[in-house]
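Chemist: First the structure, which I've put down as C-alpha cells, then a few questions once you've had a look.
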Ligand code: THU
C-alpha cells in the first residue's frame, strides 16, 4: 500500500503544473481513487470573477462522477503558494461536503502530502464530524 500511495502522490506532483491559479498563486493538485481503482486527477481552476473558482478536489470528484463513478476510496491532496509544497493542504469545507456525498466518511482516506515520503492519512469523518449526508434524507 505504501508504494501505491507514493504513486498517487507522484501523480499529484506531476499534475500540479496544470493548476490555473493566477489570482491566488496557490496551486493545488488532487488525485482521487475510485472504489474500483480508477484514478481521476484534479487541479484548482480560478476565474477573474473569483467566485467561479473550483478547488482541485472538486475538479477530480466532478470528473469522476461525470464518467459514472460514485464510490471513492481515497484522495491525495497537495499544493502550496507558487507550487511550493511546504505544508499540508487540507480540503475546504465545501469540498469536504462534496466528498461526503460519494463516500463512507468513516472509511474514506484523505492523504495530505508534502512529498512521496512525507504524508499523513486522515479519515473524512475526522475532518468533517457529524456530517449531513445522503443517508440523513432516507
Ligand atoms: N484550494 C483548493 O483547490 N483546494 C483546497 O483544499 C484549498 C484551496 C484552492 C482554491 C483557490 O484556487 C486557491 O486554492 C486559494 O484558496
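Chemist: Under 20 Å from a point placed 7 Å out from the Cα of residue 71 along the Cα-to-Cβ direction: which residues of region 120-135 have their backbone N that close?
Modeler: Answer for this model: 123-125, 133-135.
Chemist: According to a simple spin-label model (label point 7 Å from Cα along Cα-to-Cβ), what is the distance in nm between residue 47 and residue 131?
Modeler: Result for the modelled spin labels: 2.4 nm.
Chemist: Further question: First obtain the Kirkwood hydrodynamic radius of the chain from its Cα pairs, then insert it into the Stokes-Einstein equation at 37 °C and 0.692 mPa s, and state the resulting D in µm² per second as a whole number.
Modeler: Estimated diffusion coefficient is 220 µm²/s.
Chemist: Then there is this: In what order do 127, 8 fall by count of nearby beta-carbon atoms within 10 Å, going from fewest to most?
Modeler: Ranking 127, 8 by Cβ neighbours within 10 Å, fewest first, gives 127, 8.
Chemist: Based on the mean of other Cβ atoms within 10 Å per residue, sort peptides 115-122, 37-44 so the most packed one is first.
Modeler: Packing order, densest peptide first, comes out as 37-44, 115-122.
Chemist: Helix-only estimate, please: 222 nm mean residue ellipticity of the chain, summing -39500 (n - 2.57) across DSSP H runs of length 4 or more and dividing by its residues, to the nearest 500.
Modeler: My calculation for the chain gives -7500 deg cm²/dmol from helical runs alone.
Chemist: Another question, then. Could you line up 92, 55 from fewest to most neighbouring Cβ atoms inside 10 Å?
Modeler: 92, 55
Chemist: Apply the Debye scattering formula to region 14-66, with a single equal point scatterer on each alpha-carbon and no solvent, then give log10 I(q)/I(0) at q = 0.17 Å⁻¹.
Modeler: -0.49
Chemist: Quick check: the distance between the Cα centres of region 91-138 and region 23-59, to the nearest angstrom?
Modeler: 15
Any read-out appearing in this document is the output of simple, stated calculations on the displayed coordinates, not a laboratory observation. Just so it is clear, the model here is predicted, and its values are computed rather than measured. Because the Cβ atoms are built from the backbone with ideal geometry, glycine has one as well, and the counts that use them run over all protein chains shown.
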